[in-house]
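Only one structure is covered here, and it is reproduced in the block below.
Here, each number is a calculation from the coordinates, and none is a lab measurement. Here the structure is a predicted model, which means the values were calculated and not measured. Ideal geometry is used to build each Cβ from the backbone, glycine not excepted, and the neighbour counts take in all protein chains shown.
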Amino acid sequence: MSWLFCISKVDGDRHLTIPFPDDNPLFTFSDATLHLAGGGSSETALCENETETSPGWAVVGVGFARTNTETRLLTRADWRRLLIEESFDPVLLDGHFVAMRWRSGRLECFTDQLGIRTLYFGRCAYGVCISTRLDWIARSVKGAEIDYASLGGRWLLLNQFSFGSGISGTERLGPGGYAVFDHGTPVRSSLHKRWVPSFEPSTPERAIGTLERFVRCALTQRDKPSLGLSGGLDSRFLLALFSHLSKDGFSTHTFGDCCDPDLQIAHRIAMALGFPHLQFNEPLPPVPTCLSGLKSFLTQGALAEPASSYLKLRYYSRLRAIGNFMVDGGFGEIARRKFFNRLVRFGKRALLKRNLVRLVRLVNSPRADIFSPEVNSLLEDGALRELEQTLDELPEVGKIGLENLADLLAISARLPNYVCHEQGRIDSEVLNFMPFLQPSYLSEVFGLPVEVRSGGGLHKTFIRAFTPALTRFPLSKGGTTYRYGASDDFAWMISKMKLQLGKQYIDPKPDLLLTHLREFVIDTVQSKDVAENPAYDHHKISDSVVRYFAGDSSRRSEVDWWLTFELWRQSLVSPGN
């Protein structure tokens, strides 16, 4: 990821030698009170500090300035102007970023208001260690251990709902986070402030106009934007916006298996409408190379994606190499009312009565049964507490309505705990942003009546009006295809029928990766470190691995997720410990 690592020092010795955790930083700074470095991509990691007595600042990620008529990507000069002002307020900005500024031993840290970039900190031998990388903090904090209770939501539910780091002795800045350190001592912090819109009434025209300004911004950059295209409605909506504003100022791309109907539809659209299109699907690299890339992916991923996702998400640097920057249609579902629908359909009474046990069942999505009974109990209790805390911090369902609460849950929990971890990694490989994940656009979306948002009406109306050719192609979801214009219920029914008939596309990535790494997986599960780890139920893990490699495909997900957790766990331990 585009990263920051710094130590707010207690010692005051400017000559104190402290190694940086990365051998190739883009910038470093050290004086009697601060030891700082940053790296990744020079486009998403910026820093300035002229002298030890003058103010300094650093930023990772991207920010946008907005007016009523224009949205503009922030430059180095913009960040300098903003961060030297005492009144700097991230709420005035769109984008995803972590910002720091310092002067005379006082260090201030900020995260963007949606929490799409994050920051960790904890006490170390020299003062307070602060970084965008959890693994570096975990290795620096004495006695740091996995806090299983704070992993409850991350392992058992659709995603984590709180902003715990998952590591003892380590704090995390979530959305809208702010912390101040002075000579190695935390002196002020507001670890998170969940984003809540004003619900000021809006119109479809205003919402689309806000989105168009981000597309225009992309089209005016030096590098050509490449739009991640799929067979879904959200990327098609973005494609309609791009093609409406420019005929040849962008390209499209897909990652993954050519047999995936999602990619096949994207390819058909690009060929029929004449957009430049690249499909990335390379053979597996040799085992040592594969393992190196996989470990880096899982270390930064923080259990958001299984190990097998690495095979599809390893191509971002290819876009940068050919001179593109990336625009992604992720999270467009928020304008279609597609998140937490089980909660909406079956959870109103449970929300009103605060029946947490029932609510946990409605957002349940366990990864793998690999832990001891004691750890499982910690995870379950932690998941319950997470959900309770989250509901305490959001408006009551009776004040904003069930559908709005479900969408706010998605924004306040899924963005900082799912999107965030992958975003940091992407920032190190290619300049990128997601137009749908901007506070100014989301504010307009929440100003629309629920009935306007539901069913994708906003998307479909624009596509039909400005790029009607896109309605000729089917949509895809979950490995199946269905006709454009079909209702959500019909799409769900078709998906279920094809699954029962065995006509649904089966993702080959898990089998490809696990078979490729078979020897490593078996050696790891038989290792002393795994066998004697008291957090694991080693019998269950070993049985799943043996059965999977003997041909039992029902154990595929268990092995995939166990490998994910084990490599993430290993990343938190200093080499030699």
Q. From the phi of every residue in region 343-356, what ³J(HN,Hα) in whole Hz does the Karplus formula 6.51 cos²θ - 1.76 cosθ + 1.60 yield, where θ is phi - 60° and glycine or proline is x?
A. 5, 5, 6, 10, x, 4, 4, 5, 5, 5, 8, 6, 7, 5
**Q.** Label-to-label distance, nm, for residues given as residue 198 and residue 27 (7 Å Cα→Cβ offset)
**A.** 3.4
(Q) On a full-extension model of 0.36 nm per residue, what is the gain between residue 85 and residue 357, subtracting their alpha-carbon distance, rounded to one decimal in nm? (A) 93.2 nm
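Using only the alpha carbon atoms of region 3-190, find the Kirkwood hydrodynamic radius as the inverse mean reciprocal pair distance, in angstroms to one decimal. Working shown, then result.
Details: mean 1/r = 0.0589 Å⁻¹.
Hydrodynamic radius (Kirkwood, Cα only) of region 3-190 equals 17.0 Å.
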Q: Rank-order 224-236, 112-124 by packing density, defined as the average count of other C-beta atoms within 10 Å over each peptide's residues, highest first.
A: 112-124, 224-236
Q: Report, in whole Å, the centroid distance computed from the Cα atoms of region 363-421 and region 49-109.
A: 31
**Q.** J(HN,Hα) series, region 30-36, from Karplus relation 6.51 cos²θ - 1.76 cosθ + 1.60, nearest Hz, glycine and proline x
**A.** 8, 9, 5, 10, 9, 10, 9
**Q.** Amide H within-cut-off set for residue 63, under 5 Å, with H built and near neighbours excluded
**A.** 74
Q. Among rounded, prolate and oblate, which fits region 360-429 when a ≥ b ≥ c are the square roots of the eigenvalues of its C-alpha gyration tensor, a/c under 1.5 means rounded, and a/b larger than b/c means prolate?
A. oblate
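When a/c reaches 1.5 or more, the comparison of a/b and b/c decides; with that in mind, is region 83-216 rounded, prolate or oblate per its Cα gyration tensor?
Note, shape of region 83-216 comes out oblate.
Cβ under 12 Å from residue 361's Cβ, residue 361 left aside: what net charge do those residues give with Lys, Arg +1 and Asp, Glu -1? Please list the in-between numbers first.
Numbers: positive: 342, 358; negative: 380.
Net charge in that neighbourhood comes out at +1.
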Q: List, in the order given, every pair from 312/498; 9/142; 224/338; 247/312; 338/496 whose Cα-Cα distance in the structure shown is over 22 Å.
A: 312/498; 224/338; 247/312
(Q) What's the ranking of 42-49, 287-294, 31-38, 306-313 by average number of surrounding C-beta atoms within 10 Å, highest first? (A) 31-38, 306-313, 42-49, 287-294
Q. Can you give the Kirkwood hydrodynamic radius for region 509-571, in Å, rounded to one decimal and based on Cα pairs?
A. 11.7
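On a full-extension model of 0.36 nm per residue, what is the gain between residue 374 and residue 531, subtracting their alpha-carbon distance, rounded to one decimal in nm? List each step's numbers first, then the result.
Values: separation 157, 0.36 × 157 = 56.52 nm, distance 1.65 nm.
Result for the pair: 54.9 nm of gain on full extension.
Mean residue ellipticity at 222 nm from the helices of the chain, using -39,500 (n - 2.57) per DSSP H segment of n ≥ 4 over the full residue count, to the nearest 500 deg cm²/dmol? Don't jump to the answer; show the numbers that get you there.
Numbers: 24 runs with 226 residues, N = 577.
For the chain, the value works out to -11000 deg cm²/dmol.
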Q) Using a simple spin-label model with points 7 Å from Cα along the Cα→Cβ vector, what separation in nm is obtained for residue 219 and residue 506? A) 4.4
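State the percent of C-alpha pairs, over all pairs in the chain, separated by a distance greater than 44 angstrom. Before the final figure, lay out the partial values.
Details: 25186 of 166176 pairs.
Looking at the chain, the distances longer than 44 Å represent 15 percent of pairs.
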